[in-house]
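Report on one structure; see the data block that follows.
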Amino acid sequence: MNRVILVIVSLFISVSTFAQIDGNYNYSIGIKGYSLVQIPKILQQNNTDDYTTMWLNGGMIKLNDNQIAFRIGGHYYYKRNLTFDNQCETCETAKGNFSDFSIKLGFEKNFNYSVIQPYFGFDIGFRASNFKGDIHSKSTSSPTNGYAANSSKNGATFSPVLGIKVNALKNLSIFAESTLDFFYAYERQETVLNDAAKTRTFAKYNKLETLLNPVSVGIQFHLVGKN
């Protein structure tokens with residue numbers, strides 16, 4: 001019985017030591033392998049609650065200081081062809097190219113030093129998105145031939161973060177986190193009708209959007225030991 005207790009105590013000490021070692025690195029580099037996100041609303045997009053999947057499209061660099069880490073990250077230049085309903089499901093179809101980029105600066109704090117580490121944090125940063133494409137009416141009785149549209153958004157983001165990290169090895173961790181982006185942006189919309197005069201219109205807005213990013217999963221590499 002004493003041997004069993006000794007083995008359990010030794011295992012507990014080993015796990016605690018391993019976790020402490022993991023917390024004793026100056027820098028961490030993280031790569032987001034999978035993310036499920038909401039993108040900013042485009043024009044009068046109807047399906048704004050839909051989520052977009054990103055693969056290997058984000059990362060971060062962290063400066064570790066005990067249980068607090070200062071981090072800089074975001075997602076890289078993201079570009080894809082996009083089709084969506086504009087105004088309503090039976091009104092218009094929009095087809096074009098969408099791009100999105102963000103960079104953030106913030107912090108995260110671990111709740112403990114165990115092998116499994118929940119954490120929370122907060123990021124602030126800059127985000128830019130752009131859509132360029134063509135809009136066509138779904139109604140066969142429409143008198144217009146559609147129009148070209150160019151919409152751009154640039155602004156600040158404020159993002160609370162909640163996540164969990166598993167220290168698989170001394171120098172490697174697996175993490176999963178969720179964020180809620182408050183995106184306050186200046187938006188500029190330009191449309192060009194497909195008529196003989198190529199009638200051009202402009203519209204400008206300031207908008208606040210709330211974008212939920214349910215999960216991002218990735219790995220972190222820990223570099224430069226403190227001891």
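Would you pick out the residues in the range 37-73 that are assigned to a strand (DSSP E or B), charged (D, E, K, R) and touching a residue at least 12 places away in the same chain (Cβ under 8 Å)? Within the range 37-73, Lys62, Arg71 meet the criteria.
Would it be correct to say that Asp123 is within 25 Å of Tyr34 (Cα to Cα) and charged (D, E, K, R)?
Numbers: within 25 Å of Tyr34 (Cα to Cα): yes; charged (D, E, K, R): yes.
Here the answer is yes, as Asp123 does meet what is asked.
Tell me, please, whether a residue that is under 23 Å from the mean Cα position of the chain (by Cα), within 30 Å of Leu223 (Cα to Cα), part of a strand (DSSP E or B) and basic (Lys, Arg) can be found in the range 153-175. Yes - at least one qualifying residue is present in the range 153-175. The single residue among Thr52, Thr90 that is more than 27 Å from Ala128 (Cα to Cα) and at pLDDT 80 or above turns out to be Thr90.
Condition check ((1) part of a loop (DSSP other than H, G, I, E, B); (2) in contact (Cβ under 8 Å) with a residue 40 or more places away in the chain) across all residues:
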position: Ala185; (1), (2): no, yes
position: Gln189; (1), (2): no, yes
position: Lys198; (1), (2): yes, no
position: Thr201; (1), (2): no, no
position: Lys204; (1), (2): no, no
position: Leu208; (1), (2): no, no
position: Leu211; (1), (2): no, yes
position: Gln220; (1), (2): no, yes
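Just one of the numbered conditions (1) among the polar types (S, T, N, Q); (2) crowded, with 20+ Cβ neighbours inside 10 Å; (3) without any contact (Cβ under 8 Å) to a residue 60 or more places away in the chain is not true of Thr90: (2). Does Glu209 satisfy being acidic (Asp, Glu) and over 24 Å from Val115 (Cβ atoms)? Against the criterion (acidic (Asp, Glu) and over 24 Å from Val115 (Cβ atoms)), Glu209 qualifies. Residue-level check: of (1) under 27 Å from Gly30 (Cα atoms); (2) among the hydrophobic types (A, V, I, L, M, F, W, C); (3) under 21 Å from the mean Cα position of the chain (by Cα), Phe131 misses just (1). Are any of the residues in the range 116-136 touching a residue at least 24 places away in the same chain (Cβ under 8 Å), part of a loop (DSSP other than H, G, I, E, B) and among the β-branched types (Val, Ile, Thr)? No, that holds for no residue. Can you pull out the residues in the range 32-86 that are surrounded by 15 or more Cβ atoms within 10 Å (Cβ to Cβ), of a type in the set (S, T, N, Q) and more than 17 Å from Thr179 (Cβ to Cβ)? The answer is Gln44, Gln45, Asn46, Asn64, Asn86.
The values are calculated or read from the model by the stated rules, or taken from the named source; none is laboratory data. Keep in mind the model is a prediction, meaning the values are calculated, not measured. So basically every Cβ, Gly included, is an ideal-geometry build from the backbone, and we count neighbours across all protein chains shown.
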